Amino acid sequence: MREHTAAIHPPRALWVPFILGRPFGVPGDAAFQHRVLLAVLKLLEAASGPVLENFAEDAPQSEQSGEGFACPVNFGRVAASNDAEALQQEIADLASWHRLAAQKRGRSTAALSGLTPVAAARYVTDFIANPGLPSYRSALARGLALRLACEDLKAYYLESVNAQPGQRAAADAQAWFWRETAAGRTFLKLREAGLASDDVSVRGFASNNLVPRAILHAVAAGH
Amino acid sequence: MLDKVRAIEKEGGFESRPWVNGPPLHRRRVAIITTAGLHERDDRPFAPGAAATDYRVIPGATDAGALVMSHLSINYDRTGFQQDVNVVFPIDRLRELAAEGVIGSVADYHYSFMGAAPIRELEPRARQLAGLLKQDKVDAVLLSPV
């Protein structure tokens, strides 16, 4: 962020007008990334400083704000009797898209926990039902085990939805995950269960590392 | 985070302004240090507490697709990284610049932090890395935050 950089006074810094998490601007656009990288490396040629320059180019509009977001997967197609079942059904509905995403990218980033999406979802919903559930790997504290399972599930959903036709802004995909899926609802319930846990690692995870602040604020405001 | 930075600024913690002019860009050897919490798939995920100052080594020959992200923070976009690691760790772009002769070479090793640690507690790690970078003959470091 520009304010942080201005306070720290590093010798050379380039301020970029992109969303947090994308310092080189646009995924899949090598030419754009090349321009950002060259602009920052050129600062090495400055004769005196500190230098804090602005990158002059915005990311394409489609990256910054959505053109409307519609998920072709109809999650309401078959009524599930509870969130655990609805979550498993969503995972099944997204499986083809996730396979395409992995084919297209040559990889999946849903690879932290070592669990399949089905098993990760089962662990999360089992934890909500039974907060005394042990970690799925003895070497992992329960808070870390939950965090990795949730990160993998979120990556599975977002990789899948970004493989579907059309362009969508990052904020739209996030809003879809948290507001329209059983996974988002389940994570909000997991937060409540985690905050009541007697395990400090679980409470820390539930409090700080599960639901983004913007979503918490929106839920609190009833939006 | 800005509060923490401002507190250190008030204490005069950023008054030192080292400035170094090095060789021209086409002779520089460049390493990337990111705070995106990246690591190879079989490396340890980042964790909170005392382990938050740890770093992970990313070998220069690593396939960009072999990297995963286990940063604690959930308040920034991950979908860009999920689609293309270069949006946060531009290793392929750096290799292209080396092939074009724009930079001299790409370092043998790059490094990843999570960043979610008390700022001053990161200083010993920074000094350790500075020594490792010198051994790798690196004379330009690209810091890539998230």
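Between A:Arg185, A:Arg137, A:Arg179, A:Arg142, the distinction of being surrounded by fewer than 20 Cβ atoms within 10 Å (Cβ to Cβ), more than 10 Å from chain B (Cβ to nearest Cβ), over 17 Å from A:Arg22 (Cβ atoms) and in contact with an Asp or Glu (Cβ under 7 Å, 6 or more places away or on another chain) belongs to A:Arg185 only.
Of A:Pro23, A:Pro17, A:Pro10, which residue is under 23 Å from B:Asn75 (Cβ atoms), in a loop (DSSP other than H, G, I, E, B) and more than 9 Å from chain B (Cβ to nearest Cβ)?
Result: A:Pro17 is the single residue among A:Pro23, A:Pro17, A:Pro10 that is under 23 Å from B:Asn75 (Cβ atoms), in a loop (DSSP other than H, G, I, E, B) and more than 9 Å from chain B (Cβ to nearest Cβ).
Taken together, B:Arg27, B:Arg41 contain a single residue that is surrounded by fewer than 17 Cβ atoms within 10 Å (Cβ to Cβ), more than 14 Å from the chain's Cα centre (by Cα) and at pLDDT 95 or above, which is B:Arg27.
Is it the case that region B:104-115 has a residue that's out of contact with any Leu (no Cβ under 7 Å at 6 or more places or on another chain), more than 25 Å from A:Ala39 (Cα to Cα), touching a residue at least 12 places away in the same chain (Cβ under 8 Å) and more than 12 Å from chain A (Cβ to nearest Cβ)? No, because not a single residue in region B:104-115 is out of contact with any Leu (no Cβ under 7 Å at 6 or more places or on another chain), more than 25 Å from A:Ala39 (Cα to Cα), touching a residue at least 12 places away in the same chain (Cβ under 8 Å) and more than 12 Å from chain A (Cβ to nearest Cβ).
Does B:Val5 qualify as being in contact with a helix residue (DSSP H, G or I) (Cβ under 6 Å, 6 or more places away or on another chain), among the β-branched types (Val, Ile, Thr) and surrounded by 19 or more Cβ atoms within 10 Å (Cβ to Cβ)? Criteria met by B:Val5. Out of everything in region A:151-166 that is at the interface with chain B (Cβ under 10 Å from one of its Cβ atoms) and of a type in the set (A, V, I, L, M), what residue ends up being nearest to A:Tyr123 (Cα to Cα)? The selected residue is A:Ala155. Looking across region A:204-218, the residues that are farther than 14 Å from A:Trp176 by Cα and part of a helix (DSSP H, G or I) come down to A:Gly204, A:Phe205, A:Ala206, A:Ser207, A:Asn208, A:Arg213, A:Leu216, A:His217. So how many residues does region B:114-146 have that are modelled with pLDDT of 95 or more and closer than 28 Å to B:Thr79 by Cα? Adding up the residues that qualify gives 4. Within region A:48-68, if we keep just the residues that are assigned to a loop (DSSP other than H, G, I, E, B) and at pLDDT below 60, the residue that is surrounded by the fewest Cβ atoms within 10 Å (Cβ to Cβ) turns out to be A:Gly68.
I need a count of the residues in region B:98-120 that are in a loop (DSSP other than H, G, I, E, B) and over 14 Å from the mean Cα position of the chain (by Cα).
7
Within region A:187-223, the set of residues being among the β-branched types (Val, Ile, Thr) and within 15 Å of the chain's Cα centre (by Cα) comprises A:Val211, A:Ile215. Of the residues that make up region B:45-53, is at least one under 24 Å from A:Leu43 (Cβ atoms) and in contact (Cβ under 8 Å) with a residue 60 or more places away in the chain? Checked region B:45-53: no residue is under 24 Å from A:Leu43 (Cβ atoms) and in contact (Cβ under 8 Å) with a residue 60 or more places away in the chain. At least 3 residues being closer than 25 Å to A:Ile215 by Cβ and basic (Lys, Arg) is the threshold, and among the helices (runs of 4 or more DSSP H) wholly inside region A:95-185 those reaching it are A:142-162. For region A:10-61, which residues satisfy the criterion of being more than 23 Å from A:Ala163 (Cβ to Cβ) and acidic (Asp, Glu)? Those that are more than 23 Å from A:Ala163 (Cβ to Cβ) and acidic (Asp, Glu): A:Glu45, A:Glu53, A:Glu57, A:Asp58. With respect to A:Val36, is the statement that it is at pLDDT 95 or above, facing chain B (nearest Cβ under 10 Å) and under 30 Å from B:Gly12 (Cα atoms) true? Answer is no for this residue.
The values are calculated or read from the model by the stated rules, or taken from the named source; none is laboratory data. Because the structure is a prediction, the values reported are computed rather than measured. Glycine gets a Cβ as well: all are built from the backbone with ideal geometry, and neighbour counts include every protein chain shown.
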